[in-house]
Structures are given as C-alpha cells and as structure tokens.
Amino acid sequence: MTRVAILGATGSIGQLARDVVASHPGRFELVGMAAGTRVEPLAEAASQEAPWLRLRWLNVATAEARERLEALLPPAQKAGVEITVGEDGLVAMAQAPEVDLVVVAVVGFAGLAPTLAALRAGKRVALATKESLVVAGHLVREAWRGGKGELFPVDSEHSALWQLLEGARQRPSRLYLTASGGPFRTASREAMAQATVEETLRHPTWSMGPKITVDSATLMNKGFEVLEAAWLFDMELDRIHVVVHPQSIVHALVAWPDGSLTAQLAVPHMRLPVERAMLYPDGAVESVPALDPTTLGTLHFEPVDRARFPLLDAAYHAGKLGGTYPAVLNAADEIAVQAFLDGRIRLVDIERVVHQVLERHESHDAPDLETIREADRWARHEAEDLCQVLEGRSRVRS
C-alpha cells in the first residue's frame, strides 16, 4: 500500500491525483492534502467516506484558513487529523515517515521546500510544479541524486520524454518539446498588443489555470519546460528544442545519433502523466483513449517565431546564465502575468517587465535556498514597480 500526500489537492492536477487514488483502492491510501486558501473544496474532499481515505494531515496557507477549515470539518473527520499552516506544515507532511509518495502540485515557489524535503527523506515525488526545477534545479538534483528519493515528472512533455528515454542504451542527440502555439500562434504582434484577457485565456487545446494559460500564450511556459528538461534529463540547453505542433498529439520527440527520431503520441489529457508518475514502476493502463493512427490525419509541425514570442529566448538566456537568474525570470513573470490578468498592463508588456528585471539583476553563483528566496523577493518588488509604471501607459481591453 502506497501512502500518498497531495500538495495542491484541489487544483486540476490534484483532483486527477485523487482520482488515481480512488481508482486503485488496493494500491493507494490518501494520508495528506494541502490546498492553500481553497478551504471549502478541501473540506469537501476531506469529508468523503472512502476506504482509501486515511487522512493524517491537512495543510492550508494561513491561520485564518485553518480556522475556517476547522469550522467546516465534521467532528469525525477532524479526529486524528493534524491541520498545519504554511510552508513548515508542507515540509513536515512531505518528509513524514508515514508518507511514501508526494504529489507536488502547489502553485509557484511554495512547492520548492517540500520537494527538497521529500527527496532528502527518500520519498517518491511526482512533480507537477514547474517552479521547483526552474528556480532551483541544482538544489533539486542535489537532493534527488544525493538521497534515496525518486523524482517523476507530471507534465505531458516531460512524461513523454521520460517514456522515450527510459532504458535507452545511448545518449540522445536532441530533445524536442512540442507546443500548441496557444491562442496567438498565427496572430501578428499588433494583434497580440491588443489582446484581451478573455482572448488570452482561450487556449485551443488545454484547460488550465489562468497563470499557466497566459504563460502558454506567450510561450514562457515552454521556456520553463526547457529549463525543467535540462535538469530532469541532464541535457545541455542548446540540445533541447521547441517545435510548434497545433494538434497536441505528439508530446515530445527524441533525436538519436543514428539520425532516427522517436516520438510519443497520445490523446492530450493530463490523466496519463499523473497516473504514469504515481503508478511507477508499474505502467498505466487505459489512462486515456487509445489513438487510432488511421484516423489521425495530418500532423503539422513548424518552428517557433521567436520574434513574436521573445520570452522563449529569455528563458534560454536565464538558464545559460544560471545562478539566481532563473529564479528572477520566474518571479518577474509571475508578477507581470498577474498584472495582465488584473487588467493593469498589456500582454506584450509581460516581456518588457521580464527583460528589464533580468537586465537589472546581479546574480549569485550556486545559490542556496535562502539566496534564491532573496532573489525571488527582489525580482517581485522590481517587477511590481515596472508594472506600476507601465499601468499608466497601457490600454488593456477588458
């Protein structure tokens, strides 16, 4: 029996992870959940009557959220359950002896500390939080390789690469991540400058949260995925490429020294990478409908127009510089994306904020966790100042 803690249990990935637990009641027990400030859905999930639900911990972001959760939970559900608050509670849950598998699906920087703690404690980690590898890939890899923990990616592209590379007898020449191109794949820069929030959130393939959907529209999300792939598969950035594939059927490709190319194809649904990571070393079965190659039709591929999507190059640049630059990249983007979602700046202003914060930054080599936190705080402050300046100049359509 694998005892599971899900950090980010009420988000889309967290809900899929809970579904996997429920679908394999003889394989998993759910012993811990965290949900930030989403108290009501967490209380609902914790109040289920199910044989696989053996809760020992619940975690929320603030003391006020804990009070609300305690008021919502029936007495029977509160018995024997410890309700913790903040990062310290996440870390305690992630490294607890009674936990075997930690699904890290919390949004943003909050996933880093529990990821490191779980790996150092020898846990299996199913990682769906990009920021952990983006901002502190060297620390994650050190914790991963230095202990007895295992790290499995929960992302369609990285899961596909994992499948393609597992058991490989030679080092690949190149890795290819596919991108749908988002809602502005064929749009002009002028159209992107006038893009509304509603238009930006209308992703052609995936249903995701607003932050990652905006990042997909600017291709920053694909830049983050490149940085992740470098750490996950020990590959130089120059050998990781992005190709636009609007159908989102091919999730990744691997080029081999003999000139051949292998690809992973699947129906675009996150259930597959979630289940593959949670069930390993066993294979997932019927996670998504099987593809029929006779009905696929034409699969289209095209290069990224880097002039229209400059944030992809910003991610490569930050990754090559290393140090605290990736943390600054992530923090500046997070602040700018939220400013766009709030109607304060334009979509194309996001790249201006990110580029200017990167230019102002003085990096630290081989930073520890506290240095990364400081760089994150500095970048958020700088990015917010820039957003305030741009707010008065931008004309954002609602």
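The values are calculated or read from the model by the stated rules, or taken from the named source; none is laboratory data. All values reported here derive from a predicted model rather than from experimental measurement. Here Cβ is always computed from backbone atoms with ideal geometry, including for glycine, and neighbour counts include all displayed protein chains.
Quick one: which helices (runs of 4 or more DSSP H) sit completely within the range 130-225 and have at least 3 residues that are in contact with a Phe, Trp or Tyr (Cβ under 9 Å, 6 or more places away or on another chain)?
Here the list reads 130-146, 156-165, 197-200, 210-218.
Across the range 100-129, what is the number of residues that are touching a residue at least 40 places away in the same chain (Cβ under 8 Å), surrounded by 22 or more Cβ atoms within 10 Å (Cβ to Cβ) and assigned to a loop (DSSP other than H, G, I, E, B)?
4
On the given criteria, is residue 309 of a type in the set (A, V, I, L, M, F, W, C) and touching a Phe, Trp or Tyr at 6+ places or on another chain (Cβ under 9 Å)?
yes
Looking only at residues that are in a helix (DSSP H, G or I) and in contact (Cβ under 8 Å) with a residue 24 or more places away in the chain in the range 361-372, which one is surrounded by the most Cβ atoms within 10 Å (Cβ to Cβ)?
So, considering only residues that are in a helix (DSSP H, G or I) and in contact (Cβ under 8 Å) with a residue 24 or more places away in the chain, the one surrounded by the most Cβ atoms within 10 Å (Cβ to Cβ) is 372.
So which pairs qualify, if the first residue must be in the range 300-311 and within 22 Å of residue 350 (Cβ to Cβ), the second must be basic (Lys, Arg), the Cβ gap must be under 7 Å, and the two must be at least 6 apart or on different chains?
308/189
Please pick out the residue among 350, 335 that is closer than 25 Å to residue 108 by Cα, part of a helix (DSSP H, G or I) and in contact with a Ser or Thr (Cβ under 7 Å, 6 or more places away or on another chain).
Going through 350, 335 in turn, just one is closer than 25 Å to residue 108 by Cα, part of a helix (DSSP H, G or I) and in contact with a Ser or Thr (Cβ under 7 Å, 6 or more places away or on another chain): 350.
On the basis of being of a type outside the set (Val, Ile, Thr) and either crowded, with 19+ Cβ neighbours inside 10 Å or modelled with pLDDT of 95 or more (or both), does residue 391 make the cut?
no
As an exercise: evaluate residue 238 against (1) surrounded by fewer than 17 Cβ atoms within 10 Å (Cβ to Cβ); (2) in a loop (DSSP other than H, G, I, E, B) and give the number of the one condition it does not meet.
For residue 238, the failing item is (2).
Working carefully through the options 130, 211, find the one that is within 12 Å of residue 232 (Cα to Cα) and under 14 Å from the mean Cα position of the chain (by Cα).
Unique residue meeting the criteria: 130.
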